[in-house]
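I have placed the structure first, in the form of structure tokens, so that the comments after it can refer back to it.
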Amino acid sequence: MDTYNILKGKKAAYQTLGCKLNFAETSSLSDALCKQGVEPAADGEHADICIINTCSVTDVADHKCRQAINRLTRENPGAFVVVLGCYAQLQPEKIAKFPGVDLVVGMEQKGNVIHYLQEGLAQRMALEQGENIHEAYAVPTKDIQTFVPSCSRGDRTRYFIKVQDGCNYYCTYCTIPFARGRSRNGSIASLVGQAEAVAAEGGKEIVITGVNIGDFGRSTGEDFFSLVKALDQVEGIERYRISSIEPNLITDEIIDFCAHSRAFMPHFHIPLQSGSDDVLKLMRRRYDTAFFRQKMERVKAAIPDAFIGVDVIVGTRGERDDFFDEAYEFIKSLDIAQLHVFSYSERPGTKALEIPYVVSPQTRRERSQRLLNLSEEKRKAFYSNFIGKERPVLWEHAKPGHPIHGFTDNYIRVELPLGVEMPDNTVSVVTLGGFTADGQALTVR
């Protein structure tokens, strides 16, 4: 049987949960399937293939994955259902038994998804009643070695290039090293080639993604700073954004290079996780609050207009009331633009479960809301500093019925009035006006 014809003409529905890396990987898979004759299913159109790329960073993420699987199987009866991602790696056999699931693919095998999909479709067609095949392909996490490249934009304006995968840090609260394996990466030459291909397609902005991108180079004997310098030289790419980098891995030379770079934007996302030294120790983070403050001050001294986003986890085991109060005051004192707040979730197999002090769900919610309120104060204060000033904006693709929006070089969201048109993927210098009615963006004067 011609396996190409098995795929040709099929419609596929995609559901992605979790991080930017997952979105990049799903988008790349969609592009690869398009080359095999598989078209994305339109809204409301029955899909022949359903692909769910999962997350497992919290128990809520696991629940959302199960909901997504149930919804897609219910909305697309008879579809061939494939489950990928972190949840798939951690629980392959369990997920394979879910009603409606045909194929579960782990991290080591995800580069061969199309091959498994072709084989699975042929296998299912050979069954008399077309039953689900309930197959799982995964190896133990310790055996994950392959780096699967990913570079795509899907229906977005910005491209996402995956430069690194896996993590060697083993923080006490985190399952990611168990789900994605140890740190590994592509070569600088291969990644530059991908950036050049983006430029050839007319792309102007690339987001550099990975699990722990500052740890780049373990597979190839290279380093992240060398990658940054090489990417900066790619003609046609006007903007790079570093999606997230650990505070101990954003070196002074990287900061200074970005300060004078042609294309690296004044925008950093740096995880803190807690503003309490006692909690940082319990988390087994590789820095203390004094180091983190010094790093924030170093960034702002070199790049005064930089947008700095910071990750924080609330309610971890061991976070007593006084530790949280200390953390809140520390975070409040930082010159940053926004917080990404996560409530701690008990994850099987993590060392955090050995810490005796447990924070109640209600207290976690209260602490999360306090930090979310603080984040809004900081974001609006940061935006306000640039009202009346000129900044370059890259305008992005807008959904029908929604206003055109874009982001400045330092990641301020800018919105045009509904009905005002601006070509997608173009950069223009504008004078920033006041806040939109919902307070989520600035206007243009």
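Looking at the range 409-421, can you tell me whether even one residue there is hydroxyl-bearing (Ser, Thr, Tyr), touching a strand residue (DSSP E or B) at 6+ places or on another chain (Cβ under 8 Å) and not in a loop (DSSP other than H, G, I, E, B)? Walk me through how you get there before you give the answer.
Step one: of the range 409-421, the residues hydroxyl-bearing (Ser, Thr, Tyr) are 411.
With the extra rule that they be touching a strand residue (DSSP E or B) at 6+ places or on another chain (Cβ under 8 Å), the set shrinks to 411.
Then keep just the ones that are not in a loop (DSSP other than H, G, I, E, B); that gives none.
No.
Give the range 386-403 a look and list any residue that's modelled with pLDDT of 95 or more and surrounded by 15 or more Cβ atoms within 10 Å (Cβ to Cβ), or say none.
Within the range 386-403, PHE386, ILE387, ARG391, PRO392, VAL393, LEU394, TRP395 meet the criteria.
Considering only residues that are of a type in the set (Gly, Ala, Ser) and over 20 Å from PRO77 (Cβ atoms), look in the range 110-124 and name the one that is farthest from the chain's Cα centre (by Cα).
Pass one, the range 110-124, residues of a type in the set (Gly, Ala, Ser): 111, 120, 122.
Going one step further and asking which of them are over 20 Å from PRO77 (Cβ atoms), we end up with 111, 122.
Values: GLY111: 19, ALA122: 33 Å.
Looking at residues that are of a type in the set (Gly, Ala, Ser) and over 20 Å from PRO77 (Cβ atoms), I get ALA122.
Looking at the range 1-20, is at least one residue hydroxyl-bearing (Ser, Thr, Tyr), closer than 20 Å to GLY111 by Cβ and part of a helix (DSSP H, G or I)?
Scanning the range 1-20, I find at least one residue that is hydroxyl-bearing (Ser, Thr, Tyr), closer than 20 Å to GLY111 by Cβ and part of a helix (DSSP H, G or I), so the answer is yes.
In contact with an Asp or Glu (Cβ under 9 Å, 6 or more places away or on another chain) and of a type in the set (Val, Ile, Thr): does that describe THR73? I'd like the intermediate steps shown before the answer.
Numbers: in contact with an Asp or Glu (Cβ under 9 Å, 6 or more places away or on another chain): no; of a type in the set (Val, Ile, Thr): yes.
So THR73 does not fit the description; no.
When you go through VAL60, VAL105, VAL101, VAL82 one by one, which is the residue that is touching a residue at least 60 places away in the same chain (Cβ under 8 Å) and not polar (S, T, N, Q)?
Details: VAL105 fails: touching a residue at least 60 places away in the same chain (Cβ under 8 Å); VAL101 fails: touching a residue at least 60 places away in the same chain (Cβ under 8 Å); VAL82 fails: touching a residue at least 60 places away in the same chain (Cβ under 8 Å).
Residue meeting the stated conditions: VAL60.
Quick check on the range 214-235. Is at least one of its residues without any contact (Cβ under 8 Å) to a residue 60 or more places away in the chain, part of a strand (DSSP E or B) and farther than 18 Å from GLU253 by Cα?
no
Can you pull out the residues in the range 159-190 that are in a loop (DSSP other than H, G, I, E, B) and more than 15 Å from CYS19 (Cα to Cα)?
Result: ASN168, TYR169, TYR170, CYS171, THR172, TYR173, GLY181, ARG182, SER183, GLY186, SER187.
Among the residues of the range 125-152, how many are under 24 Å from the mean Cα position of the chain (by Cα) and without any contact (Cβ under 8 Å) to a residue 12 or more places away in the chain?
Residues flagged as under 24 Å from the mean Cα position of the chain (by Cα) and without any contact (Cβ under 8 Å) to a residue 12 or more places away in the chain within the range 125-152 amount to 1.
Quick one: in the range 337-370, which of the residues that are assigned to a strand (DSSP E or B) and not aliphatic (A, V, I, L, M) is surrounded by the most Cβ atoms within 10 Å (Cβ to Cβ)?
Residue satisfying both the conditions and the ranking: PHE342.
Can you pull out the helices (runs of 4 or more DSSP H) entirely within the range 62-148 that have at least 1 residues that are closer than 20 Å to THR175 by Cα and either in contact with a Phe, Trp or Tyr (Cβ under 9 Å, 6 or more places away or on another chain) or modelled with pLDDT under 95 (or both)?
Those helices (runs of 4 or more DSSP H) span 86-90, 92-96.
Within the range 399-427, count every residue that is closer than 16 Å to ARG156 by Cα, hydrophobic (A, V, I, L, M, F, W, C) and without any contact (Cβ under 8 Å) to a residue 24 or more places away in the chain.
The total comes to 2.
Just wondering, is there one or more residues in the range 6-13 that are among the β-branched types (Val, Ile, Thr) and either at positive phi or in contact with a Cys (Cβ under 8 Å, 6 or more places away or on another chain) (or both)?
No, the range 6-13 has no match at all.
Mind checking which pairs have a first residue in the range 160-171 that is on the phi > 0 side of the Ramachandran plot and in contact (Cβ under 8 Å) with a residue 40 or more places away in the chain and a second that is in a loop (DSSP other than H, G, I, E, B) and of a type in the set (Val, Ile, Thr), Cβ under 6 Å, 6 or more apart or different chains?
GLY166/VAL211
Scan GLU108, GLU135, GLU93 and give me the residue that is loosely packed, with under 15 Cβ neighbours inside 10 Å and among the acidic types (Asp, Glu).
Answer to the selection: GLU93.
Which residue is nearest to the chain's Cα centre (by Cα), if the candidates are limited to the range 39-54 and must be surrounded by fewer than 22 Cβ atoms within 10 Å (Cβ to Cβ) and not small (Gly, Ala, Ser)?
PRO40
Is the range 116-123 home to any residue that is surrounded by fewer than 19 Cβ atoms within 10 Å (Cβ to Cβ) and either touching a Lys or Arg at 6+ places or on another chain (Cβ under 6 Å) or under 30 Å from GLU319 (Cα atoms) (or both)?
No.
Based on this model, can you work out whether TYR357 counts as in contact (Cβ under 8 Å) with a residue 40 or more places away in the chain, closer than 27 Å to GLN89 by Cβ and of a type in the set (Phe, Trp, Tyr)?
So TYR357 does not fit the description; no.
Which residue is farthest from the chain's Cα centre (by Cα), if the candidates are limited to the range 200-213 and must be in contact (Cβ under 8 Å) with a residue 12 or more places away in the chain and surrounded by fewer than 17 Cβ atoms within 10 Å (Cβ to Cβ)?
Residue satisfying both the conditions and the ranking: ALA200.
The values are calculated or read from the model by the stated rules, or taken from the named source; none is laboratory data. If you're wondering where the values come from, they're calculated on a predicted model, not measured in any experiment. All Cβ positions, glycine included, derive from the backbone under ideal geometry; neighbour counts span all protein chains shown.
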